[in-house]
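Structure, as structure tokens:
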Amino acid sequence: MIRTASVLFLLAPLVIAELEISEFMAANVETLADADGDFPDWIEIFNSDVSSASLADHYLTDDPEDLTKWSFPEDAVVPGNGHVFVFASGKDQIGEEWHANFSLRADGESLLLVSPDGETIIDAYPDFPEQRSDISYGLNVGTTERQFYPEPTPGSMNSGGILGFVADTKFSVDRGFYDDPIVVEITSATPDARILYSIDGSVPSLFSGLTYTGPITISPTTILRAVARKGQYLESNIDTHTYLFLDDVLNQDGEGLPNPPNPAVSDWDYEMDPNVVADPRYASTLKDDLKALRTMSVVMPVNDLWRGRGIYANPTQLGVDWERACSMEILNPDDSFANVQENAGLRIQGAGSRFRNLGKKSMRLAFRSAYGASSFRYPLFGEAHPSDFDTIVLRGSYFDSWTVHAPGSGMAIGWQNALQFRTDFGHLTHQDMGAHTILSDWVHLYLNGQYWGIYNIHERPDEAFAALHLGSEEEDYDILKQRPRGQPNGSIPELVNGSLDAWESLMSLIREDVSNDDVYRGILTRIDLDQFIDYILMNLWGGNQDWPHNNWYAIRHRTSNGPFIFYTWDPENYLFGLGVNQTGVDTNHSPGILFSRLRANADFRLRFADRVHRHLFNDGALSVAANSRRFQDLVDKLKGPMNAESARWGDSRTERPLNTIDTWLPTVDEKLDEYLPRRNDIVLSQLTAADLYPSVEAPEFQQHGGDVDTPYTLTLPTSLFSKTYYTLP
């Protein structure tokens, strides 16, 4: 009988006294935080009387079949003309904050305030509609009308409400690659909605958009953005679709686009070089080359990109103030069902390209709720890897590109020796050595439909990266980095997250006598030793000369007092000089000083030698065969796309464009034929001279692991002049 009465009240809620549910939020992303720093759903109770009102023994529930689901505490009071809050978090707590034992469903359910008798409903939202992130729902002031509030007012009277949401726009033809003209219809399920659109990257609005009146014919490469609006409703989000016509892309010249406003700090062109496009060595393959990688299309207003206060026009500016809202799409030429779009913020990244005026800059995408989703949930690097990213770096590889400022002589840095993929090779090398490394891939990048070359996309090892890959919460990590422009004699690393305390303690400890076992063991509790040795060896082997005074990250799980783990970052100055010797690195406040001091300990030197043998011999990750395979895999992946890169940026420094056949492949061949076959012997001699590898050769098994027949006889080398020792389990 009680349950029947409850249902009747739900159909016609009875207001008792002056208490009411004035506002609630069922999708709290960043509006109101609780004491734990979480953002749970919340419910606001308002007392319209001038006198305070007791909430003792009242109930809140989201279940009409369970009216006493959560009870207010005995001392609960709502001030006269005041508000109180309950977090619908599921935590079921009372004290400084009230937390109900349930949460609200954003796709809609019921919410009820019930009197102490457990039967009388004071206020109710039966079957409230679907909710949106950080938009509240509640009573319009002075009425019984319920509305949505894009600007929530917890603790204040509601204002600025809307009746609902305009349905999203739908495009009859999806984003992607096309050869022939297409006709696109744009619709919204909301009756009488007005659709506005743009084709120049701008945000369509009443002031900058075109009114949609019928199907749109599209033939050249076009960026189509649309929004639907209606009266007292919240307009739809902005849909962005990129339609690429590759014949058009190959003939782009930037007509109608702005000239660089600050060429002294940032100069560029838009043209696809006809000397490459018309070259018979490339002309027949360029369209296929532009489909050999996935495409990333970034779209934003021209003023935010290339004019005035645009990020490209002001590349030396830093911080969130120089981040601009954009749309980002991934277009898969082999699988249109894998195409995806998300909104983000875009800013200039790094130092190499930022501080040189030539056109191809590195950039960074930031995903946060201010732009759209709070993260990019998509298997960007494959189904086997995590698929939730706050940040994606778009690396232009300045020092390893055809836009670098120096020509390069011999094996020095310069456009004549550019490979474009040295950083990715370094990351993959570290990964093959067993390190947890930074996920990466390659894309063709378009800015507002203009082809911008090939880019290496990868993660950034910040606190979100640590939480995603290593577990725990972002605030549990210390994240340190050394940005480019660090002092050669050592700069204190930049704190990205957490505290520098553990790092400073480690720097203090290594100043002691590291040959002392107690000191040495103390250091080993603060670093992951084998991981550290592999990290050092990877940089020594490749002759990384822009390290360790620059370009490194370290991550530590602070709350468990975990060890520092070092991450390879930006090894563009890699695989250049064949004889480069970095064994003497000792830069203060860096991994270099750790390495330099640890070498004083005999146990460390032996452990280091063991890791060298593991990686440089027997098809290890740094063996000639393994390095050559890894290098060739990248060459095979990028050989075609580098033709498109040549058409885009090959003429940046020379009138005769740098290109794949005349410039890139000779550099590739030099590395495969000379550098990789010879580098290991050179590194081994350097390590031996530095007392980091013994002059006595290690014994060689006739088979290094793997499957064998039973019984199996393993032979070890013997000599009249030496003894070989071994152990068995």
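Every number in this text was worked out from the coordinates using simple rules, so none of it is lab data. What you see is a predicted model, and the numbers here were worked out from it, not measured in a lab. So basically every Cβ, Gly included, is an ideal-geometry build from the backbone, and we count neighbours across all protein chains shown.
Applying the criterion of at least 2 residues that are touching a strand residue (DSSP E or B) at 6+ places or on another chain (Cβ under 9 Å) and in contact (Cβ under 8 Å) with a residue 60 or more places away in the chain to the strands (runs of 3 or more DSSP E) found wholly in the stretch 434-514 leaves 440-447, 450-458, 477-482.
Identify all residues within the stretch 160-188 that are in a loop (DSSP other than H, G, I, E, B) and farther than 16 Å from T240 by Cβ; write none if there are none. Once the filter is applied, which keeps residues that are in a loop (DSSP other than H, G, I, E, B) and farther than 16 Å from T240 by Cβ, the stretch 160-188 yields G160, G161, L163, V166, A167, Y178, D179, D180, P181, E185. Within the stretch 285-319, being in contact with a Gly (Cβ under 8 Å, 6 or more places away or on another chain) and over 15 Å from L394 (Cα atoms) holds for T285, D288, D289, A292, M300, P301, V302, N303, D304, L305. Of the residues examined, N101 is one that is touching an Asp or Glu at 6+ places or on another chain (Cβ under 6 Å) and of a type outside the set (K, R).
Checked against the criterion of being outside any loop (DSSP other than H, G, I, E, B), more than 39 Å from the chain's Cα centre (by Cα) and among the charged types (D, E, K, R), the stretch 103-120 contains not a single residue that satisfies it. D681 meets each of the listed conditions (1) in contact with a helix residue (DSSP H, G or I) (Cβ under 9 Å, 6 or more places away or on another chain); (2) outside any loop (DSSP other than H, G, I, E, B) apart from (1). The residues on offer are P154, P191, and the sole one that is outside any strand (DSSP E or B) and touching a Leu at 6+ places or on another chain (Cβ under 9 Å) is P154.
Quick check on this structure: which one of T240, T285 is under 27 Å from the mean Cα position of the chain (by Cα) and among the polar types (S, T, N, Q)? Full working, then the answer.
Values: T285 fails: under 27 Å from the mean Cα position of the chain (by Cα).
Step by step, each of T240, T285 is checked, and only T240 is under 27 Å from the mean Cα position of the chain (by Cα) and among the polar types (S, T, N, Q).
Just for the stretch 571-599: of the residues that are among the small types (G, A, S) and not in a loop (DSSP other than H, G, I, E, B), which one is farthest from L540 (Cα to Cα)?
The extreme case among them is S596.
Within the stretch 554-579, being buried (at least 20 other Cβ atoms within 10 Å of the Cβ) and β-branched (V, I, T) holds for I555, I565, T568.
Among the residues of the stretch 301-343, those identified as outside any loop (DSSP other than H, G, I, E, B) and charged (D, E, K, R) are D304, D321, R324, E329, E342.
Can you pull out the residues in the stretch 515-541 that are of a type outside the set (V, I, T), more than 26 Å from the chain's Cα centre (by Cα) and either assigned to a loop (DSSP other than H, G, I, E, B) or farther than 30 Å from R422 by Cα (or both)?
Applying the first criterion (of a type outside the set (V, I, T)) to the stretch 515-541 yields 515-518, 520-522, 524, 526, 528-532, 534-535, 537-541.
Checking which are more than 26 Å from the chain's Cα centre (by Cα) leaves us with 515-518, 520-522, 524, 526, 529-530, 537, 540-541.
Scanning the stretch 515-541 gives S515, N516, D517, D518, Y520, R521, G522, L524, R526.
Examine the stretch 50-57 for a residue that is more than 25 Å from R146 (Cβ to Cβ) and not small (G, A, S), and state whether such a residue exists. If you could, list the steps in order and put the result at the bottom.
If we filter the stretch 50-57 for residues that are more than 25 Å from R146 (Cβ to Cβ), which is where we start, we get 51-52, 54, 56-57.
With the extra rule that they be not small (G, A, S), the set shrinks to 57.
So far as the stretch 50-57 goes, yes, one or more of its residues are more than 25 Å from R146 (Cβ to Cβ) and not small (G, A, S).
When restricted to residues that are farther than 22 Å from Q545 by Cβ, buried (at least 16 other Cβ atoms within 10 Å of the Cβ) and aliphatic (A, V, I, L, M), the stretch 585-618 contains 1.
Applying the selection to the stretch 270-303, what residues are surrounded by 15 or more Cβ atoms within 10 Å (Cβ to Cβ), more than 18 Å from H444 (Cα to Cα) and among the aliphatic types (A, V, I, L, M)? Passing the criteria: only V302. Scanning the stretch 174-193 for residues that are charged (D, E, K, R), within 34 Å of the chain's Cα centre (by Cα) and surrounded by fewer than 19 Cβ atoms within 10 Å (Cβ to Cβ) yields D174, D179, E185.
One residue stands out in the stretch 515-542 among those that are without any contact (Cβ under 8 Å) to a residue 40 or more places away in the chain and of a type outside the set (D, E, K, R): the one that is farthest from S397 (Cα to Cα), namely N516.
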